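The values are calculated or read from the model by the stated rules, or taken from the named source; none is laboratory data. Predicted model, so just to flag it, every value in this text is computed and none were measured. Please note: Cβ atoms are built from the backbone with ideal geometry, for glycine as well, and neighbour counts cover all protein chains shown. Quick note on the areas: whole protein, heavy atoms, side chains included, nothing else; ligands and nucleic acids left out. Shrake-Rupley method; radii C 1.70, N 1.55, O 1.52, S 1.80 Å.
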Amino acid sequence: MKYHLKYSLTAIFLLICLWVQGQQVVRYDLYVKDTLVNYSGKTKPAIAVNGGIPMPTLHFTEGDTAEIHVHNQLKEGTSLHWHGIFLPNEEDGVPFLTQMPIKPKEPYVYRFPIIQNGTHWYHSHSGMQEQIGMYGAFILHKKQNDPTFRKGIDDLPSIPLVLSEWTDLDPDNVHRMLHNANDWFAIKKNATQSYAEAIKAGHFKTKLTNEWKRMLAMDVSDVYYDRFLINGSSEQQHSQFKAGDKVRLRVINAGASSYFWLTYAGGKITVVANDGNDVDL
Ligand SMILES: [Cu+2]
């Protein structure tokens, strides 16, 4: 009888272990560190996570538990926000609101269940850290037995295309210049409006109204950038694909202020999902 009890306790213990295993905790370790980059010919400070920009692509499957260990090797606080992810509020990564900043050398763990699928991203929510490298793809796969699994789409080979911008200016300075509403970026982008041109085009009144409103010539994508980046570089080759292959591009606009327009030389692109939601085809 005693032995029986012992064995059944062991069995229960093993079952609990298996059940815990079945929860599929997927762990990532992120080492956040100051670095120097040279995108434009000038060496500038940036932040690399696990040695790179953008941050590593994190993959999970719906039903997993995400466990993300942050190792802050900066000299300032940091935080990570999971963009568009359904999670308990305290994991949302907004400093002074849902958590305190992760102090230098202070270990921090984000842990939350993955209850959705789709292409998402994550980024720092502290200061201007996002602008200088702290952004990355956050990809949530469907379960194989998901009733919405689309054969020929959800099983395509996929690559993240993380679009971003690089400025040689200190991003805090960019922020300050936007508040001043000066014309510097418009000059750099050749987008200034002169009174003479406005009068010539018969839009003197509009020009005056805009000046009165202190409305700048460009309202969106209004910051001049030195480089635009795809997965952290000016150019990318994906030689693993050959003509005729189908590929799913997981396009993420990780730009701090730019809108991007994509074109494909090979014809039309089919949009299969948008903002993490499947599109009816
Ligand atoms: Cu965000």
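The table for this structure:
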{"item": "Length added when fully stretched, F228-R176, from 0.36 nm per residue minus Cα-Cα", "result": "16.6 nm"}
{"item": "In order through the range 156-171: 3J(HN,Hα) via Karplus (6.51 cos²θ - 1.76 cosθ + 1.60), integer Hz, x for Gly, Pro", "result": "5, x, 10, 10, x, 10, 8, 8, 7, 10, 10, 10, 6, 6, 5, x"}
{"item": "Cα centroid separation, the range 100-146 to the range 210-275 (Å)", "result": "21"}
{"item": "Of the GluC sites (Glu not before Pro) in the range 183-260, those whose Cβ has at most 12 other Cβ within 10 Å and which sit in DSSP loop", "result": "E235"}
{"item": "Residue-by-residue Karplus 3J(HN,Hα) for the range 221-227, coefficients 6.51, -1.76, 1.60, Hz, glycine and proline x", "result": "6, 8, 9, 7, 10, 7, 8"}
{"item": "Built amide H within the under 5 Å cut-off of Q116, gap 5+", "result": "G63"}
{"item": "Given 16 as the ceiling on other Cβ atoms within 10 Å, longest exposed-site-free region of the chain for chymotrypsin sites (Phe, Trp or Tyr not before Pro) in DSSP loops", "result": "150-240"}
{"item": "Reference-scaled alpha-carbon Rg (2.2 N^0.38 Å with N residues) for the range 135-281", "result": "1.42"}
{"item": "Equivalent ellipsoid semi-axes, the range 19-147, via Cα gyration tensor eigenvalues times 5, rooted, Å", "result": "27, 17, 13"}
{"item": "Approximate spin-label separation E235-K268, in nm, with each point projected 7 Å along Cα-to-Cβ", "result": "3.1"}
{"item": "The chain: translational diffusion in µm²/s, Stokes-Einstein, Kirkwood Rh over Cα pairs, 20 °C, 1.002 mPa s", "result": "97"}
{"item": "Added length on full extension, which subtracts the Cα-Cα distance from 0.36 nm per residue, S158 to Q73", "result": "27.4 nm"}
{"item": "Spin-label model distance (nm) - S221 vs Y259, 7 Å beyond Cα toward Cβ", "result": "0.8"}
{"item": "Segment A196-T43, length gained on full extension (0.36 nm per residue, minus Cα span)", "result": "51.1 nm"}
{"item": "Charge dipole (debye, nearest 20) of the chain; +1 at Cβ of Lys and Arg, -1 at Cβ of Asp and Glu", "result": "280"}
{"item": "Whole-number percent relative contact order across the chain, with pairs defined as alpha carbons under 8 Å at least 6 apart", "result": "18"}
{"item": "Share of carbon and sulfur in the accessible heavy-atom surface of the range 19-147 [1.4 Å probe, %]", "result": "55"}
{"item": "The range 171-212 pair-distance distribution - Cα-Cα, 10 Å bins, rounded %", "result": "26, 43, 25, 6"}
{"item": "Solvent-accessible surface (1.4 angstrom probe) belonging to I252, in square angstrom, nearest 10", "result": "10"}
{"item": "Taking the range 76-207 and dividing mean pair separation by its residue count, relative contact order in percent (alpha carbons under 8 Å, at least six apart)", "result": "18"}
{"item": "Degrees between helix 2-22 axis and first principal axis of the chain (Cα, 0 to 90, nearest 10)", "result": "20"}
{"item": "Rough spin-label spacing in nm, given labels placed 7 Å along Cα→Cβ, for R150 and M100", "result": "4.6"}
{"item": "H179 accessible area, 1.4 Å probe, all protein chains in place, Å² to nearest 10", "result": "130"}
{"item": "Trypsin sites (Lys or Arg not before Pro) restricted to the range 123-228 and DSSP loop, no more than 13 other C-beta within 10 Å", "result": "K143, K151, K213, R214"}
{"item": "Rg/Rh (Cα only; Kirkwood hydrodynamic radius) as it applies to the range 110-163", "result": "1.07"}
